1. Checking the cross-link filter: which lysines have an alpha carbon closer than 27 Å to that of LYS103, excluding same-chain neighbours under 8 positions apart?
2. Note down the relative contact order for the chain as a percent, whole number, built from C-alpha pairs under 8 angstrom at least six residues apart.
3. What do you reckon, how do ILE22, ILE56, ILE139 stack up by accessible area (1.4 Å probe), largest on top?
4. Starting from the Cα of THR176, step 7 Å along the direction of its Cβ; do the same at TYR104; then give the gap between the two resulting points in nm.
5. With everything on Cα atoms, drop me the angle between helix 2-26 and the longest principal axis of the chain, reported from 0 to 90° to the nearest 10.
6. Under the rule of -39500 (n - 2.57) per DSSP H run of 4 or more residues, summed and divided by the residues of the chain, what mean residue ellipticity at 222 nm is obtained, to the nearest 500 deg cm²/dmol?
7. Once R0 is set to 22 Å, what does the formula 1/(1 + (r/R0)^6) return for the Cβ-Cβ distance between SER35 and HIS165, expressed as a FRET efficiency to the nearest 0.05?
8. For a quick check of your reading of the filter: which trypsin sites (Lys or Arg not before Pro) in the stretch 41-101 sit in a DSSP loop and have no more than 12 other Cβ atoms within 10 Å?
Amino acid sequence: MKVLLRMIVTLLLLAVIACGLIIWYISPDQKLDLSYQDIDVKAKAVEMLKTRKPEITLNGSELNELAKKELLKHLGDIPQQITVTGAKFHFSGQEVTADINGKYENLIPFGAELKFHMEASGSSLDLQHESTSVKSVRIPASWLNLGTITVHLKDHLPDMLTVDHIEFLQDGAKLTFKLDWLSLPSLLLK
């Protein structure tokens, strides 16, 4: 009887240690939040006026802000047991990686990496969710699938600017516009 009791206590202790190690392993490596800032298009329009080139380059940091804003709209697509507490997007050409912090059942913190493929569609950037992994463990798509996150660039640009072409850069994107050059100074007066 004592041997059986010791064996049960030992197994319970090993289970608690294993759970603790798993929680430690999946915990986030960095502090992230969901706050974002709107990008300053007016300064970029002034630069366009100076260079007389109808193009704006959005760097990875600016694209991160736009993607975080759109991610907030997709939080309802995530299973209810998962709460996203932070995100940071990294852009490399058409490949996008998002570091995500969250909590499972509002109790267990975790850090995950989501991979996206980015395509241009008119004046929008479509980020198609491809895979999710927690550390080196790949999570099945049936557990967490965000589908497509669409960043509508037109929502962040003045009406007079129409995106003609999007070129993906190593750390960002270059937008080329069709525009009425005579209406550009009115943007600067606002």
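1. LYS31, LYS68, LYS69, LYS73, LYS88, LYS115, LYS135
2. Values: 327 pairs, mean separation 41.0, N = 190.
After rounding, I find 22 percent.
3. Numbers: ILE22 105, ILE56 5, ILE139 35 Å².
Highest to lowest solvent-accessible surface, that is ILE22, ILE139, ILE56.
4. In this crude spin-label approximation the distance works out to 4.7 nm.
5. The two axes meet at around 10 degrees.
6. Numbers: 4 runs with 56 residues, N = 190.
That calculation yields -9500 deg cm²/dmol at 222 nm.
7. E(calc), rounded to 0.05, equals 0.10.
8. Hits after loop and neighbour filter: ARG52.
The values are calculated or read from the model by the stated rules, or taken from the named source; none is laboratory data. Just so we're clear, the structure is a prediction, and the values are computed from it rather than from any experiment. Please note: Cβ atoms are built from the backbone with ideal geometry, for glycine as well, and neighbour counts cover all protein chains shown. Areas reflect the complete protein model, heavy atoms only, side chains present, ligands, DNA and RNA absent. Shrake-Rupley method; radii C 1.70, N 1.55, O 1.52, S 1.80 Å.
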